[in-house]
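The values are calculated or read from the model by the stated rules, or taken from the named source; none is laboratory data. Here the structure is a predicted model, which means the values were calculated and not measured. We place every Cβ from the backbone using ideal geometry, glycine too, and count neighbours over all the protein chains shown. The accessibility values were calculated without ligands, DNA or RNA, using every heavy atom of the protein model including side chains. Shrake-Rupley method; radii C 1.70, N 1.55, O 1.52, S 1.80 Å.
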Amino acid sequence: MATREGAIGRALEFFDRGGFRDLLARLVAIPSTSQEERHAEALGRYLETAIRPWLERLGFSISQHANPEPGFGPILTATRIEDPARPTVLLYGHGDTVAGLDAQWSEGLSPWALTDRGDRWYGRGTADNKGQHALNIAALEAVLAERGGKLGFNVKLVLEMAEERGSKGLRSFVARQAEALAADVLIASDGPRVTPEMPTIATGTRGTFHFDLAVRLREGGVHSGHWGGLTADPAVVLAHALSTIMDRDGKILVRNWLPAGGAVPAAVRAVLEGCPVGGGDGAASIDEGWGEPGLTSAEKIYGWNSFIVLAMTSGVPANPVNAVAPDARAHCQIRYTVDSDPAQFESALRQHLDAHGLSLVRIENAGIRMPASRTAPDHPWVRWAQASMERSLGRRVQIIPNSSGGLPGDVFVDHLGVPLVWVPHSYNGCKQHGPDEHLLVAPAREGIAGFAGMWWDLGESGTPGR
């Protein structure tokens, strides 16, 4: 007789006997980076040779679409409808990766070959995002096998190939396909857990707002001996501007940038109580004195806004000359929650700089790169997913109001109205955008078990709204 335990057992057997590792190795071997033109053909090849045959074998109807934005990767959609009266879940993933950075990987490692080293599988896309969406599909396959070719629910899938270029074209594509993609809930995987050991559900992501601060004082540099101390130094002016935006301990001083009411919402604070943060690879540390005073580490990264200087230059640092530079520039980012109003970020900064006598500092290229999104952490689908995973894994699953990174959840909320249930299988030390990207084996194994349990439960009674 088909059972929940049997479905999870099938998924774990596939994983433990090396089936998933071999599958992931085949996916990693396709150099489907959307950031290197020489690999452009691999974007379509990933969908046609790796994903389409697999999904067709599982009973999906497949369509591959050109991206509405010329020059960006294609988008695959797949549907498997058993009974329109049963729940319909929307899966999302992306098969494109960042640049391979082949020459920068450690000895014996390559971006386009999976390398097994103890508790880690190395290769580009293992964590972001090939390994994550492949785990979810493999778990689906285990449930199909256990139920004799039936799921008991409906599945739709969107797999894009331009996420690492800002998901260009995805918004207009989903808007056009809204009726075909209609679903009850989005359940998908990307990003990191709060710690490697803690199963996590994120209900949204912070948005990203970028801008340049520029100080241009003259056409060219002038002799530092003749003019130093007489003419304004743009680097110093820029440094003073930055010091008015954030204090030396990381507190944002442009208070109109903060979430509404200047406080973490009560529902967000409640769900983050006791939430751990950390478990990276040692490249960075949690500096307890940095950031907004009075907030926990979890509240700072999952419930608050942050300001980051991504790049800054004046003169030519690699080849300095004895001159007062003509200009200085900083590229800056605000990561913001849905409780904030990005429409007034630029005007608030302009007023702030002018009030500090810094009218020389220009704000350029300001705008949203990726909007914020959030489903209420106590939404019935979120709590249903948490209960299902806790039953499968036998321990607590942490809910966070938004992932620390960026995802295009806003697209699906705006055009499909679906609640968001992001279940990450990675961790924040996976080096996903640099050399030596890897997937930790233990969280991946938990991931396939947790999803097998969720897919089983979707075919049972008791799902939200049914």
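Taking region 267-301 only, how many residues are within 28 Å of Glu346 (Cα to Cα), open to solvent by less than 50 Å² (accessible area, probe 1.4 Å) and in contact with a Gly (Cβ under 6 Å, 6 or more places away or on another chain)?
3
Any idea how many residues of region 228-261 are among the charged types (D, E, K, R) and open to solvent by less than 40 Å² (accessible area, probe 1.4 Å)?
Taking region 228-261 as the starting set, the residues that turn out to be among the charged types (D, E, K, R) are 233, 247-249, 251, 255.
Right, trim to open to solvent by less than 40 Å² (accessible area, probe 1.4 Å) and you get none.
Qualifying residue count for the region: 0.
Please state which of the following conditions Val264 fails to meet, knowing it meets all the rest: (1) farther than 30 Å from Glu390 by Cβ; (2) surrounded by 15 or more Cβ atoms within 10 Å (Cβ to Cβ).
(1)
Filter region 318-345 for residues that are out of contact with any His (no Cβ under 7 Å at 6 or more places or on another chain), farther than 15 Å from Val361 by Cα and assigned to a strand (DSSP E or B) and give the result.
Once the filter is applied, which keeps residues that are out of contact with any His (no Cβ under 7 Å at 6 or more places or on another chain), farther than 15 Å from Val361 by Cα and assigned to a strand (DSSP E or B), region 318-345 yields Val324, Ile334, Arg335, Tyr336.
Considering only region 446-454, I want to know if a residue exists there that is open to solvent by less than 10 Å² (accessible area, probe 1.4 Å) and in contact with an Asp or Glu (Cβ under 6 Å, 6 or more places away or on another chain).
No.
Hand me the list of strands (runs of 3 or more DSSP E) wholly inside region 346-423 holding 1 or more residues that are more than 24 Å from Pro443 (Cα to Cα).
Values: elements: 362-370, 398-400, 420-422.
Correct list: 362-370.
What number of residues in region 281-302 are modelled with pLDDT under 95 and assigned to a loop (DSSP other than H, G, I, E, B)?
Matching residues across region 281-302 total 9.
Trp304 versus (1) open to solvent by 30 Å² or more (accessible area, probe 1.4 Å); (2) under 30 Å from Ser373 (Cβ atoms); (3) without any contact (Cβ under 8 Å) to a residue 60 or more places away in the chain; (4) of a type outside the set (Lys, Arg): which is the lone unmet condition?
(1)
Farther than 17 Å from Met161 by Cβ and crowded, with 23+ Cβ neighbours inside 10 Å: is that true of Asn136 in this structure? Reasoning before the result, please.
Numbers: farther than 17 Å from Met161 by Cβ: yes; crowded, with 23+ Cβ neighbours inside 10 Å: yes.
It is true that Asn136 is farther than 17 Å from Met161 by Cβ and crowded, with 23+ Cβ neighbours inside 10 Å.
Mind listing just one residue for me: the one in region 86-104 that is in contact with a Pro (Cβ under 7 Å, 6 or more places away or on another chain) and within 19 Å of Asn129 (Cβ to Cβ) and, of those, surrounded by the most Cβ atoms within 10 Å (Cβ to Cβ)? Show your work before the answer.
Residues of region 86-104 that are in contact with a Pro (Cβ under 7 Å, 6 or more places away or on another chain), as a first pass: 100-102, 104.
In the following step, the residues that additionally are within 19 Å of Asn129 (Cβ to Cβ) were identified as 100-101.
Numbers: Gly100: 21, Leu101: 17.
Selected residue: Gly100.
Can you work out which of the residues in region 155-194 that are of a type in the set (Ser, Thr, Tyr) and farther than 26 Å from Gln386 by Cβ is surrounded by the most Cβ atoms within 10 Å (Cβ to Cβ)?
Just the residues of region 155-194 that are of a type in the set (Ser, Thr, Tyr), to begin with: 167, 172, 189.
Restricting the remaining residues to those that are farther than 26 Å from Gln386 by Cβ gives 167, 172.
Details: Ser167: 23, Ser172: 14.
This residue is Ser167.
Just to be sure before I move on: is Gly95 within 23 Å of the chain's Cα centre (by Cα) and either modelled with pLDDT of 95 or more or of a type in the set (Asp, Glu) (or both) in the structure I sent? Lay out the reasoning, then the answer.
On the way: within 23 Å of the chain's Cα centre (by Cα): yes; either modelled with pLDDT of 95 or more or of a type in the set (Asp, Glu) (or both): yes.
Yes.
Can you tell me how many residues in region 352-380 are within 18 Å of Met246 (Cβ to Cβ), over 28 Å from the mean Cα position of the chain (by Cα) and in contact (Cβ under 8 Å) with a residue 24 or more places away in the chain?
The total comes to 5.
Of the residues Asp327, Asp339, only one is acidic (Asp, Glu) and either open to solvent by less than 50 Å² (accessible area, probe 1.4 Å) or modelled with pLDDT under 95 (or both); which? Outline the logic, then answer.
On the way: Asp327 fails: either open to solvent by less than 50 Å² (accessible area, probe 1.4 Å) or modelled with pLDDT under 95 (or both).
From the options Asp327, Asp339, the qualifying one is Asp339.
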